[in-house]
Amino acid sequence: MKPKKTIVIYGVLLVIAVFLMVLLYNVSNRAEITLPRDFPEIIKSGKLNIVTDYNPVGYRVSGDSISGFQYELIKALERDWKLKANIFLENSLDENLQGLEQGKYDIVARNIPV
């Protein structure tokens, strides 16, 4: 009697394990992958996601004012394209490029060494 009961328990555990594996597989395939946006999508949304680094030349905060070369370029893009720029600060070039590939950022505005 005991071996039969053990086989039933193992059978139920196997069915539960297979069910959980199928469920996790379906959930992982449904994970939304954000693709980089193209220009018409950016214009339609009205928002431009720009990442830059914080440095004395490109983007700096002094007291209550913001200045810098990249900041002025971002403001020119806002004015000319009539978009609102969401500025993200990130000093790691690798993370900037990774965010660009993942669709988190639309533009990387920083000095990139050649």
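How large is the charge dipole for the chain, taken about the Cα centre, if only the Cβ atoms of Lys, Arg (+1) and Asp, Glu (-1) carry charge, to the nearest 20 debye? Write down the numbers at each step before the final one.
On the way: 14 positive and 13 negative charges, 175 e Å.
Computed about the Cα centre, the dipole is about 840 debye.
Label point 7 Å out from residue 57 along Cα-to-Cβ: which residues of the stretch 84-114 have amide N under 15 Å? The answer is 109-114.
Helices assigned as whole DSSP H runs in the chain whose Cα atoms extend at least 20 Å along their own long axis and whose mean Kyte-Doolittle hydropathy is 0.5 or higher are found at 2-30.
Taking every Cα-Cα distance in the chain and sorting them into 5 Å bins starting at zero, the pair-distance distribution P(r) comes out as 2, 10, 14, 15, 12, 8, 6, 5, 5, 5, 5, 4, 4, 3, 2, 1, 0 percent.
For the chain, the tally of Lys pairs with Cα-Cα distances below 20 Å comes to 11, considering only residues 8 or more apart or on different chains.
Taking the DSSP beta bridges with both ends in the stretch 39-109, the antiparallel portion is around 30 percent. At full extension, residue 27 and residue 45 could sit 3.6 nm farther apart than now, given 0.36 nm per residue minus the alpha carbon distance.
Just so you know, all these numbers are worked out from the coordinates, no wet-lab data involved. In this text the structure is predicted, and so the values were computed from the model without any measurement. Heads up, the Cβs are rebuilt from the backbone with ideal geometry, glycines too, and the neighbour counts pull from every protein chain shown.
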